[in-house]
Amino acid sequence: MSGSVMRYRGCEIGEPHLASIGEMMRAHPGISRWKLSRKLCEAWDWKQANGALRDMVCRSLLLELQRAGHIQLPPVRRQTRNYLAQRQRPEPVMTDTRPVHGPLSALRTAIEFHQVRRTPREALFNSLLEQYHYLGYEQPVGEHVKYLVTANEQVLACLALSSAPRHLGCRDRFIGWDPEARKRNIHLLAYNTRFLILPWVEVPHLASHLLSRMAARVSRDWEGMYAHQIHLLETFVDPQRFRGTCYRAANWVFLGYTTGRGKNDLTHQPNRPLKQVLVYPLRRRFRELLRSE
């Protein structure tokens, strides 16, 4: 775009954007920042795949433009609470803790998956991760789904998937996409952030069976919530704690290790344990789909 003033999240922001912002504020004197961002999203057709406005992204852009001296925003009318930073830890929720033992064959037909994101059972999911997963519960940012797994109405396991990290060297080499394709299609990947089999459940081969069942349905569930499919799953395994046997048994592919620097690294020096990277393609043509326009 001619007259580019800033590159933001892979997009060139230019003089036409600044002109549009100025026109919008002149046409609506006294407009709030919240309404301004939403009106700009509508004017620029900034929408998520499910049709929701990308107003949080737009508000962040407006702040960056103001900090750089390109625009002057209306004054802040009220301070918005940061619910992620001030969020209380999930409260304990009672559930059936009777021991579950025996072969997988005796349980297989009774196993059910429940996508509990935005349902009354989401609180139970959050609570179980907080109580029993070694990393606890963390509120996902961006697109995500949450599964409770039950058998005969008793909860056996929890699985969480969310938006994939933007940069992951061994994964990006495995896909073979260029930076532009990655920016365009990163939303077609999902990251398995949590997998918990509850401590009172001891069923051999259950973990790999659940991973296979999850992989068979997650793209359909994701499309129902976010209006697009998923083509590749990925996860990290801490080798100091786990071997990742269940992922390998479910045909996940080991690619290599993380750099140990984290997504917000500024020093380019390792500052956390290296983790194994494993992926699971959901489409035979996943590379072609992820590299495509």
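Worth a mention:
- Residue check, HIS17 buried (at least 17 other Cβ atoms within 10 Å of the Cβ) and either touching a residue at least 40 places away in the same chain (Cβ under 8 Å) or not small (Gly, Ala, Ser) (or both): yes
- Residue, modelled with the highest pLDDT, within the range 257-271, restricted to residues that are surrounded by 12 or more Cβ atoms within 10 Å (Cβ to Cβ) and within 21 Å of the chain's Cα centre (by Cα): TYR257
- Here MET94 meets each of (1) in a loop (DSSP other than H, G, I, E, B); (2) modelled with pLDDT of 85 or more with one exception, condition (2).
- Within the range 108-134, being hydrophobic (A, V, I, L, M, F, W, C) and under 29 Å from ASP238 (Cα atoms) holds for ILE111, PHE113, VAL116, ALA123, LEU124, PHE125, LEU128, LEU129.
- Note on the range 203-255: residues that are surrounded by fewer than 16 Cβ atoms within 10 Å (Cβ to Cβ), touching a residue at least 12 places away in the same chain (Cβ under 8 Å) and small (Gly, Ala, Ser) amount to 3.
- In the range 51-75, the residues that are assigned to a helix (DSSP H, G or I), of a type outside the set (S, T, N, Q), more than 11 Å from ILE13 (Cβ to Cβ) and touching a strand residue (DSSP E or B) at 6+ places or on another chain (Cβ under 9 Å): VAL57
- Filter pass, TYR147 being touching a residue at least 60 places away in the same chain (Cβ under 8 Å), farther than 17 Å from GLU202 by Cα and buried (at least 19 other Cβ atoms within 10 Å of the Cβ): yes
The values are calculated or read from the model by the stated rules, or taken from the named source; none is laboratory data. Nothing here was measured: the structure is a model prediction, and the numbers come from that model. Reconstructed Cβ throughout: ideal geometry from the backbone, glycine too, with neighbour counts over all protein chains shown.
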